[in-house]
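Read through the structure below, which is laid out as structure tokens, and then see the notes.
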Amino acid sequence: MLIRKLFKFENAHIVRGCSTRRCSHSIHGHSYKVELVLHADALDHGQMVYDFGLLKGGVRELVDAFDHSVAIWSEDDPDYVASIRKHSERWVLIPVSPSAEQFSRLIFRLAEATLQSTEMKNGESGVQLYSVIVHETETGYAQCFREDVVNPRMGLINLDSIEFSPAITAQWADPELFEKLKLRPTMIQPELEGLCT
């Protein structure tokens, strides 16, 4: 069975190398909608796949980190990266260009790590992140599946290569949330490590 949880955030970016000049040369923003689709083959004691309330912690905080912030590709022009970090309080430095496709992969990676670190206490069985859908506009979205996250042709997304600004982490219930996630292995981690060797 599949269930879906919807999140929303406002974010600014530049997508270098894309076909549209406005998109590749000017900072611009979108009202994103992110759908997390979870799968399980059994229900918990509450007869649910997964209690939506459990997604109100770390997953929501990590997705909300992108709200009213600038997504910066770490491979962008160093002067641009430094300027955004200097002049914007909220920014996220990421190892891939901030396209809808890469946002879906990035959020899959973050949500997967968070779900894997969540202690299941109510008879949940085999709950997995099935896909992440990122709506960049009303008419366009990208959908990521597990195999897309570990596809080296799409760019590797290691948690160590993501950086949240201090203003973002200070607002989390646990400012060490992301650092703790990086220490916990996930189901994707062995596949990613195999690609790096």
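No lab work stands behind these numbers, since they all come straight from the coordinates. Model, not experiment: these values are computed from the prediction. So basically every Cβ, Gly included, is an ideal-geometry build from the backbone, and we count neighbours across all protein chains shown.
Considering Cα pairs under 8 angstrom that are at least six residues apart, work out the relative contact order of segment 88-175 and quote it in whole percent.
Taking the mean separation of contacting Cα pairs over the length of segment 88-175, I get 44 percent.
Restricting the count to DSSP beta bridges whose residues both fall in segment 2-183, what percent are antiparallel, rounded to a multiple of 5?
80 percent
ARG16 to SER31: extension gain in nm, 0.36 nm per residue of separation minus the Cα-Cα distance?
Difference between extended and current length: 3.5 nm.
By the scheme Lys and Arg +1, Asp and Glu -1, what is the net charge of all other residues having a beta-carbon under 9 Å from that of SER125?
For residues surrounding SER125, the net value is -3.
Sum -39500 (n - 2.57) across every DSSP H segment of at least 4 residues in the chain, then divide by the residue count to get the 222 nm mean residue ellipticity, nearest 500.
Dividing the helical sum by the residues of the chain leaves -8500 deg cm²/dmol.
Using each residue's phi in segment 107-120, evaluate 6.51 cos²θ - 1.76 cosθ + 1.60 at θ = phi - 60° and report the 3J(HN,Hα) Karplus result to the nearest Hz, with x for Gly and Pro.
Each residue of segment 107-120 in turn: 5, 4, 4, 5, 5, 4, 4, 5, 4, 5, 8, 7, 6, 7 Hz.
Within the set of other residues whose C-beta is less than 15 Å from the C-beta of ALA173, count the net charge using Lys and Arg as +1 and Asp and Glu as -1.
Result for the neighbourhood of ALA173: -2.
Which length gain, in nm to one decimal place, applies between ASN158 and CYS23 when the Cα-Cα distance is subtracted from 0.36 nm times their residue separation?
Taking ASN158 through CYS23 to full extension adds about 46.0 nm, to one decimal.
Can you tell me the relative contact order of segment 1-84? Whole percent, Cα pairs under 8 Å, sequence separation 6 or more.
Relative contact order for segment 1-84 comes out at 37 percent.
May I ask you to list the GluC sites (Glu not before Pro) in segment 100-153 that are in a DSSP loop and have at most 12 other Cβ atoms within 10 Å of their Cβ?
GLU119, GLU138
Of (1) 0.93; (2) 1.10; (3) 0.96, which one was derived for Rg/Rh (Cα atoms, Kirkwood Rh) from the structure shown?
The value matching this structure is (3).
Any chance you could check the Cα centroid distance between segment 1-61 and segment 83-110 for me, in angstrom?
Their Cα centres are 13 Å away from one another.
I need the phi-derived Karplus couplings for segment 80-87: 6.51 cos²θ - 1.76 cosθ + 1.60, θ = phi - 60°, integer Hz, Gly and Pro marked x.
Values, residue by residue: 5, 4, 5, 5, 4, 4, 7, 9 Hz.
List every residue whose amide H lies under 5 Å from the amide H of TRP91, counting only residues 5 or more places away in sequence or on a different chain, with H placed 1.01 Å from N in the peptide plane.
VAL70, SER165, ILE168
At R0 = 35 Å, how high is the FRET efficiency between ASN151 and LEU6 if r is their beta carbon distance? Nearest 0.05 is fine.
Given R0 = 35 Å and the Cβ-Cβ separation, E is 0.85.
Would you please give the FRET efficiency between GLN128 and SER74, computed as 1/(1 + (r/R0)^6) with r the Cβ-Cβ distance and R0 = 30 Å, to the nearest 0.05?
0.55
How large is ³J(HN,Hα) for each residue in segment 33-38, as worked out from phi by the Karplus curve 6.51 cos²θ - 1.76 cosθ + 1.60 (θ = phi - 60°), to whole Hz, x for Gly and Pro?
For segment 33-38, the Karplus curve yields 10, 10, 10, 9, 10, 10 Hz.
Could you line up PHE9, PHE164, PHE108 from fewest to most neighbouring Cβ atoms inside 10 Å?
Lowest to highest Cβ neighbour count: PHE9, PHE164, PHE108.
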